[in-house]
């Protein structure tokens, strides 16, 4: 047997010179299960880098914010159109509440082993804090608060995603090894 799985919903299995389909019922449950595990491994490998990509995106946003967001319209023009922004103190309180809430939720997801892909939404929220501070003309004084909160939140999220994926990859590899070695479906504890 050379190629066990194809892509998409239609999977093929090659036995030396002959092909058969996982969908035609002629192949064993073990081959179909092996295809499923290989797809799940690919998914977990892609997902494991999601946290690092979110950190990289946040660093790009932070570098743009370091220049005091000079590419945006002036705060006076925006406040003339939308009204006065919240005070710097109010934004700081909300940032503090958001930081603790995000960390607690991430740790709770880590403890319960939930697959949740929220890293990029955190980048959006933190970018919003940069904008709010910019429009209330307090970004220079509060840049490091947003940056520190972002690195902390995204660091915890990245670690949570990485550990979730590492555990899943380990279990799937054990199950694939068992299938390859014995030719039978793995016991339930390897799933």
- Task: Restrict the check to the stretch 135-153 and report whether at least one residue is closer than 30 Å to residue 37 by Cβ and under 16 Å from the mean Cα position of the chain (by Cα).
- Result: no
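Could you list, in sequence order, the residues of the stretch 46-64 that are over 9 Å from the mean Cα position of the chain (by Cα) and touching a residue at least 40 places away in the same chain (Cβ under 8 Å)?
Our first condition is that a residue be over 9 Å from the mean Cα position of the chain (by Cα); within the stretch 46-64, this holds for 46, 55-64.
Hits for the stretch 46-64 are 55, 57, 58, 61, 62.
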- Please go through the stretch 161-178 and pick out each residue that is buried (at least 19 other Cβ atoms within 10 Å of the Cβ) and touching a helix residue (DSSP H, G or I) at 6+ places or on another chain (Cβ under 7 Å). 161, 165, 168, 172, 175, 176
- Which of (1) at pLDDT 90 or above; (2) under 26 Å from residue 50 (Cβ atoms) is the odd one out, the single condition residue 66 does not satisfy? (1)
- Item | Set 140, 168, 124: member being assigned to a helix (DSSP H, G or I) and without any contact (Cβ under 8 Å) to a residue 40 or more places away in the chain | 124
- Given (1) within 15 Å of residue 128 (Cα to Cα); (2) free of Cβ contacts under 8 Å to residues at least 12 places away in the same chain, where does residue 74 come up short, assuming only one miss? (1)
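The values are calculated or read from the model by the stated rules, or taken from the named source; none is laboratory data. Since the structure is predicted, the reported quantities are computational estimates derived from the model, not experimental observations. Counting neighbours? That spans all protein chains shown, and the Cβs are built from the backbone with ideal geometry, glycine included.
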